[in-house]
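Okay, so here's the structure we're looking at.
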Amino acid sequence: MSDRTPYAQQVLAGQSIETPSWAFGNSGTRFKVFAQQGVPRDPYEKLADAAQVHKYTGAAGSVALHIPWDRVEDYGDLARHAAALGVRIGTINSNTFQDDDYMLGSVCHPDAKIRRKAADHLLECVDIMDATGSDTLKLWFADGTNYPGQDSIAGRQDRLADVLAEVYERLGDDQRLLLEYKLFEPSFYTTDVPDWGTAYAHCLKLGPKAQVVIDTGHHAPGVNIEFIVAFLLREGKLGGFDFNSRFYADDDLMVGAADPFQLFRILHELALRDALLPASGIAYMLDQCHNIEPKIPGQIRSIMNVQEATAKALLVDHDALAAAQRAGDVLGANAVLMDAYNTDVRPLVAEVRTGQGLAADPLAAYAASGYAEEIKAARVGGSQAGWGA
Ligand code: PSV
Ligand code: MN
Ligand code: MN
C-alpha cells in the first residue's frame, strides 16, 4: 500500500461523474441504429436507468438532459422524479443541429431569423435550468461551412459572440455556461467553435460564468489533451469534461477504452491541482453512445474506467515528482508517473465501494439484480436517443 492510498480512497469516495440521458436510448451511426430491447421510452425511464448506474457505482449521482430529446411537460416534476430515484438533474445540453432550419448553421446562420430561433432555444434551456435546479448549460454548436467562400468566417464569429452574450446575460447568479469545441463534423471546411482556443476566447470575453468544456473525442489525432487541461485549469476556465474514447474521429466509445494512458495523464493534471472533487466546480461527465453494447453496463464500465484512471493519478507521488523535476532527473520524474500508472488499482477501488456499502464488482451486482430482464419485459418500443452524443 502506497502512502497515498488513504488519500486516494478518500477522493474516490467523493468523486462524481455525470451520465448522459442519451446514452440510455437507442443510438447508432448514420448507417444503422441497432435497437435494443428494454431501452427507455421517455425521459423518466432514462433517469430510472441512470439511477441504476449510480446505485451500483455510487459515483454517478447526476444526469445530463438533452433538449428537445428530453422534453417533458413539467420539468419540476422530472426533477422530483430524479430525486426520488436518488439522482439529480445535471447539465442541460442544447440542441441546435437537428432542424431543417439549421442546414447552414444555428447561432452563426446568415439569416437573423434562424439565429433568433436558435437563441430562443438556448434561452429556453436556461428556463429549464431554473425549473430543474440545474446550474450548468452546455453548448455545442454544429455550425460551420463546407466550402471556401460559403460564408464569412469572421462574420460567423461575430454572430456567435452576439448570441452567446445574450444567453450569458440571461444566466442567474449561480448558473454558468460551458462552451464545447469540436474540430470538425458535421461541417467539413470550417467549424465555428473548432478548438479550445476559440472556445476560450469567447468565454474570456463573456466573463466568469463562461467556461470551456473538453470533449476528449473532439481533437485531431495526436493532440496533447493534458496540455489543454493544464492550461485551462490554470486560467480558471476549465468548466468540465465530456469523457469518451475515439480511435478515428468523434467515435463516442467508452472512456478509457481507446487510450487509458491518456485518461490517466489528463486526470494527473487535475490531481496535481486538487481538482477531482465536485468542490472544484469542474463537471465530470460522460458523453458516449452505446451502439452495440448494452447501455447500463456500458455506463457502469465507463464509470469504473474513470475511477481506475483517477486512482492511478491519485497515487502519483507529488513530492517525489517535484524533487525529480527540480533535479532535472528526466527518467526519475517519468518513472514516478509510470509507477503510479502501472499499479493495479482494482483492489483499491473495490475497497472504496465496499466501504460505501456497495458491491465490490458493480457489473456483476447489476447483472445479478435482474433489472435488465425486468425492463426488457416491461418496456416495449424504446426511444431513439437522437443522433450524436
Ligand atoms: C456531437 O459531437 C456531440 O457529441 C457533442 O459532443 C455534444 O456534447 C453531444 O453531441 C450532445 O449534443
Ligand atoms: Mn460532447
Ligand atoms: Mn461528440
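Laboratory data are not the source of any read-out in this text; all were calculated from the coordinates shown. None of the values given here were measured: they were computed from a predicted structure. Counting neighbours? That spans all protein chains shown, and the Cβs are built from the backbone with ideal geometry, glycine included.
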Scan the stretch 235-283 for chymotrypsin sites (Phe, Trp or Tyr not before Pro) in coil per DSSP, keeping those whose Cβ has at most 11 other Cβ atoms within 10 Å, and list them by number.
F247, Y248
Length gain on complete extension for the stretch R326 to A220, per 0.36 nm per residue less the alpha carbon to alpha carbon distance?
34.9 nm
Sorted by packing (mean other beta-carbon atoms within 10 Å per residue), highest first, where do 99-110, 209-220 land?
209-220, 99-110
For a 25 Å ceiling on Cα separation, which of these pairs sit above it: K46/K138; K55/K182; K55/K295; K182/K205?
K55/K182
When the charge dipole of the chain is computed with +1 at the Cβ of Lys and Arg and -1 at the Cβ of Asp and Glu, the Cα pointing farthest to the positive end, of A249, V345, L47, is that of V345
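Which loop GluC sites (Glu not before Pro) in the stretch 10-87, with loop taken from DSSP, have no more than 11 other Cβ atoms within 10 angstrom of their Cβ? Provide the component values of the computation, followed by the final result.
Details: sites: E18, E45, E73; in loops: E73.
Taking the stretch 10-87 and a limit of 11 other Cβ atoms within 10 Å, the loop GluC sites (Glu not before Pro) found are E73.
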Among all helices in the chain defined by DSSP H, which have a length of 27 Å or more along the axis from Cα atoms plus a Kyte-Doolittle mean of at least -0.5?
112-132, 295-315
Picking from S152, T96, P297, whose Cα lies most toward the positive end of the charge dipole for the chain (charges on Cβ: Lys, Arg +1; Asp, Glu -1)?
P297
Expected sort for 46-53, 173-180 on mean C-beta neighbours within 10 Å, highest first, is 46-53, 173-180
Mind checking the dipole of the stretch 189-288: about its Cα centre, +1 per Lys or Arg Cβ, -1 per Asp or Glu Cβ, Debye to the nearest 20?
420
Work the Kirkwood hydrodynamic radius out for the stretch 5-378: mean of 1/r over every pair of different alpha-carbon atoms, inverted, in Å.
21.4
